[in-house]
Every structure is written in structure tokens, then in C-alpha cells.
1. To one decimal place, what Kirkwood hydrodynamic radius in Å is obtained for the range 87-226 from all pairs of distinct Cα atoms?
2. Return the long-range amide H neighbours of Gln100 (sequence gap of 5 or more, or a different chain), with a cut-off of under 5 Å between placed amide H atoms.
3. Residue-wise, which Karplus ³J(HN,Hα) couplings in Hz belong to the range 190-198, taking 6.51 cos²θ - 1.76 cosθ + 1.60, θ = phi - 60°, and x for glycine or proline?
4. Can you tell me the dipole magnitude for the range 5-46 around its Cα centre, using point charges on the Cβ only (Lys, Arg +1; Asp, Glu -1), in Debye to the nearest 20?
5. Below 8 Å between Cα atoms, with a sequence gap of 6+, how large is the relative contact order for the chain in percent?
6. Search the structure for amide H atoms under 5 Å from the amide H of Gly123, placed 1.01 Å from N in the peptide plane, and list their residues when 5 or more places away or on another chain.
7. Expressed as a whole number of Å, what is the distance separating the alpha-carbon centroids of the range 1-18 and the range 282-335?
8. Do you know the relative contact order of the range 168-300, to the nearest whole percent, from alpha carbon pairs under 8 angstrom that are 6+ apart?
Amino acid sequence: MRPTTKDLAREAGVSLATVDRVLNERPGVTAETVRRVNEAIDKLGFVRNASAAILARRRPYRFLFVLPRTGDQFLGEVIARISEANAAFASEMVVAEVVQIDTLDPHLLAKYLTGLDPAEVDGVAIMAPESPPVRDAVLRLPERGIEGLAFITGQPGTPAGDFVGIDNHAAGATAGRLMGRFAGGAEGGILVVADTMHARDSIERRQGFDEVITRDFPRLTALPSLETYGDHARARQIIGNAMQSRQPVVGFYVLGSEARVALAAAAEVAAPRPQIVIVHERTPFTEDGLRKGDIDAVIAQNPGHLVRSAIRTLRAKAGQSMLLASQEKIRIEIVLLENL
């Protein structure tokens, strides 16, 4: 039989009323009593009735998606899916809001997270480059009663259950495998382009890509990373300079989530275009590139699944309810013209 609140009260040595106050986060309970009830929950494997818990709160869960202020089509897709999820989760008393901030300024972001009021915010999903100030601010959130998780790009030391996104090392390795196979016996360099290499997802993708290319395709050389910072003029200049290399360039790998700036700049300075072009994230631009033959493969993650998984994870953490881990695994998708 599943344990009940009576079993919890008996195990923790408290009254049913006290268990109810702890489960529903009501005042009037000491920290020691909360600890004993939570230990009893873990020991007995108690699972809350989600519907009853929502009704008992008497206010909706409020979750924030803290996203970069600047971005392109993939970020737009994520924001659109958050709006879509708001309607889907309304009946479950969940409200999701978007906050866009300069995530490249770690001190500004850390200050914002530190200033959040637990009486108004239940959880935060954060998409930001890794940095010690942000990492520390995220780790302190639960101490103040706010749940936090890394969204799409991870933070160092983040437990697996506190990250929603694909395995970026595996995504980069997948791109490397496709690049090597598509190249056949060709010999030459591969341009690797990112918005910034400060983002953990970019670092992990680069590591996975390099491992496969170096180990399995010795005829190919992954060239040093080029950082565009999302600026077209800069992208045009650095890609143009790289194309002047004496080594023939046979591949072009955009490992960031926004391929449009890099590929638009490359089209102006790289003639003919590299033999193989592989990018990340399915957007209107990359779909059009597949149709035109300008892109050979897209390594993608579903933004709708990302958003829904983040909301479900935050709700489970905030409501101390069970999460179905297999449902939240974000798959790496390979999109070609043929399965577009």
C-alpha cells in the first residue's frame, strides 16, 4: 500500500495538522519539524496527490524563464513555445513568464537572481553562459525557497536533475560523425563557428566534435573556433580571413544555436561554399537552407519539449512531487532534407 499522511505523522512523530502544514508550505512549523517530515517522506516513499496539492496552495505556481536579451530565430522559437505552454498548463495553476536580460554580464544576472522574492516566484529556468557568480546564485536559490535549473546551456556542477537540454557533448559528436561520413575520402579543414565559446553548450559540442574527428577521420582537421558574437560584420571578417588558409576548407560547422549570422556572412566570402555544412537547431532559416541545398544536416532539439520539461521539472521540485525521468529526456534529432 502507498504510505499516507497518517504514516508520515507517525514516522515523524508529529500531528496530522503539522504534516499538512509542511506539505502545503504553511507557516507555524519549525525548521527541525520540516526536516523530520521530509526525512519521513524520503524514508517511506510518500508521493503527494498532485491535484490536492495544487488546490491547497490557493495560488498558482509562478515560474520564470530567464533568457538572453539578444538572440535570433531559435530564441524566438523558445519564447513562442513558452507562450504556448502557458495556455496548456493554465488548468494546473502554472504561470510561466519570460524575463530577458543581458546574460553575458554574469554580475548583473547574479544580482537579478539574488533579488528574486520567494513569496512571488517559485522557480527559475536560466539560459546563460557559465560563470562563478551565476553558478553560486543558482545554487543559493533553493536555500531561499526558489527552485532553479539550467535551461539549454548548463552551469558547472549542475546535477543532472537540475538541467533541461540535450547532451551537448553527444550532439557535437553526432555532428562530427556526420561531417566525417559526408566528407568521404576528402582531405582538408573544417571551419568551426560559434556565437561565443563562453557558453557551456558550445564548449561541450566542440569537445564532442573534436573527439570524433580526431579519432576517426584523420584526413580532416577541425580548425580553431571562430566567435561571431552574433555580429554580421565581425562574422564576415573572421570567416573571410579563415577561408584564406592554405589548407582547403571542406566543411563548415556552426555549433551555436543561431546559424543565420554565420551562414549569411559565409555566403558573402566563401565561394564556392564548403562541401559540407552542418548546423544546430531547427529554425525557419535552417529549414530553408536544407531545402535550397545550402545546409546538409541540422542537429536539433525540440523547443516545445524543452519548455514543457522545464515547467514539469520546476513544478515537481516546487511541489515535492514525483517526476517521470524518461519523459523529460530531451532527444537529439538529426534533420535532413528527406525528413524535413
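Every number in this text was worked out from the coordinates using simple rules, so none of it is lab data. Keep in mind that this is a model prediction, so the values were computed, not measured. So basically every Cβ, Gly included, is an ideal-geometry build from the backbone, and we count neighbours across all protein chains shown.
1. Working: mean 1/r = 0.0584 Å⁻¹.
It works out to 17.1 Å.
2. When sequence neighbours closer than 5 places are left aside, the close amide H contacts are Leu67.
3. Computed from phi, the couplings for the range 190-198 are 10, 6, 10, 10, 9, 5, 8, 8, 7 Hz.
4. On the way: 7 positive and 7 negative charges, 19 e Å.
With only Lys, Arg, Asp and Glu charged at Cβ, the dipole is about 100 debye.
5. Details: 579 pairs, mean separation 52.2, N = 340.
Result for the chain is 15 percent.
6. HN-HN under 5 Å from Gly123: Arg62, Leu64, Glu147.
7. About 39 Å separates the Cα centre of the range 282-335 from the one of the range 1-18.
8. Details: 251 pairs, mean separation 36.1, N = 133.
Computed over the range 168-300, the figure is 27 percent.
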